[in-house]
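Structure first, commentary second.
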Amino acid sequence: MKKITGMLAAAAIFTTGALAGELPFEVHGGVSAGYQYTDGDNEGFFVSNALVEISKEAKDGIGFTAAFGFLQNWNPSSTGDAFGIQYAYLTLPFGKLTLDAGIIPTLVGYEVANTYANPNINIATIWNGQPVYYGGARATYNLGDESVWVEVNDDGTDGAWSIGGSGDLGSVNIIASYYAYNIGRDIVDIILSSTVGGIDVALNFDYQINDGDGDDGYGVAFYIIPKLGGIDIPIRIESFDPGDTDAYTDQGWDIAITPTLKLGNGYARAEIFYTDYDAAGSDTQVAVEFGATF
């Protein structure tokens, strides 16, 4: 009850301040909820997101970004209380160099944790092979449309570090990173995305390197998003094998098809999510979700 009361109070403050034009920062966020059915023992209503993000650009000093609220775990059928600060960090600009420090979000991946900004309801399995939020510091050097970064963080038992970069090669946007746990495994991620004839397409390749004597793992997800008027039809097909790493809980493949109707600042969508995993077997999930952003 305290969490709910606190969130309502914060929302009231933000709303009042926004109406009065007194907020010294920007406010964004979204709320989404729906219903899913997998089988007789796994069905019901869910809230997938209730997130508020506040931010201020670092034009004349130090900027910041902070997000609090609730983010559903990787699929609607999972449970758990994820309410709280999701990420919060300070931004210090030094010309073309920017330093972010705090609880920082990853820059890697075609998908995002707040699913109202995601193509599909269920987030890809391989997306979870890359850490998402962690305490750390990141230095980014911007070169127009290109950027490179290096970071250190406290993810894992002994921390981790990573390097990466992003940029455009013709009409294709490329993101690549190398993420290394000080003890454990290393991760290579490559994301290619473009728009061809009005259709968004992307490929996310995830290679998991076992630092021991075991087998490496891999995951690959292909995205295609046709657009018909006000309806998008995101389709994702992925295949993955964790090898002897702990990157994914199973081996197999899945497909998600998510027709989405745009409704002003919100959307309504349905999804068929078919999975075929070695240990868990095959299953089909049907879900609907409604969302609004601000």
- Would you check if A124 is among the hydrophobic types (A, V, I, L, M, F, W, C) and touching a residue at least 60 places away in the same chain (Cβ under 8 Å)? yes
- Answer residue from the range 95-146, given it is of a type in the set (G, A, S) and under 12 Å from the mean Cα position of the chain (by Cα) and is nearest to Y267 (Cα to Cα) among those: A117
- Counting only strands (runs of 3 or more DSSP E) wholly inside the range 185-294, the ones holding at least 1 residues that are of a type outside the set (S, T, Y) and crowded, with 19+ Cβ neighbours inside 10 Å are 185-196, 199-210, 217-225, 235-241, 252-257, 266-277, 281-293
- How many residues are at pLDDT 75 or above, under 23 Å from Q285 (Cβ atoms) and not acidic (D, E) when one looks only at the range 9-50? 16
- Criterion: farther than 24 Å from D211 by Cα and either in contact with a Ser or Thr (Cβ under 7 Å, 6 or more places away or on another chain) or in a strand (DSSP E or B) (or both) - qualifying residue of S177, S166: S166
- Scan of the range 163-184 for residues that are closer than 30 Å to D232 by Cα and surrounded by 14 or more Cβ atoms within 10 Å (Cβ to Cβ), ordered by number: G165, S166, G167, V172, N173, I174, I175, A176, S177
- So, in the range 85-108, of the ones that are among the hydroxyl-bearing types (S, T, Y) and touching a Gly at 6+ places or on another chain (Cβ under 6 Å), which residue ends up farthest from N128 (Cα to Cα)? T91
- Message: Show the residue pairs meeting these rules: Cβ distance below 8 Å; 6+ apart or different chains; first residue within the range 261-272 and free of Cβ contacts under 8 Å to residues at least 60 places away in the same chain and closer than 16 Å to L228 by Cα; second residue small (G, A, S) and surrounded by fewer than 13 Cβ atoms within 10 Å (Cβ to Cβ).
- Response: L261/G230; K262/G230
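The values are calculated or read from the model by the stated rules, or taken from the named source; none is laboratory data. Source: prediction; values computed, not measured. Quick reminder, even Gly has a Cβ in these numbers, built from the backbone with ideal geometry, and neighbours come from all protein chains shown.
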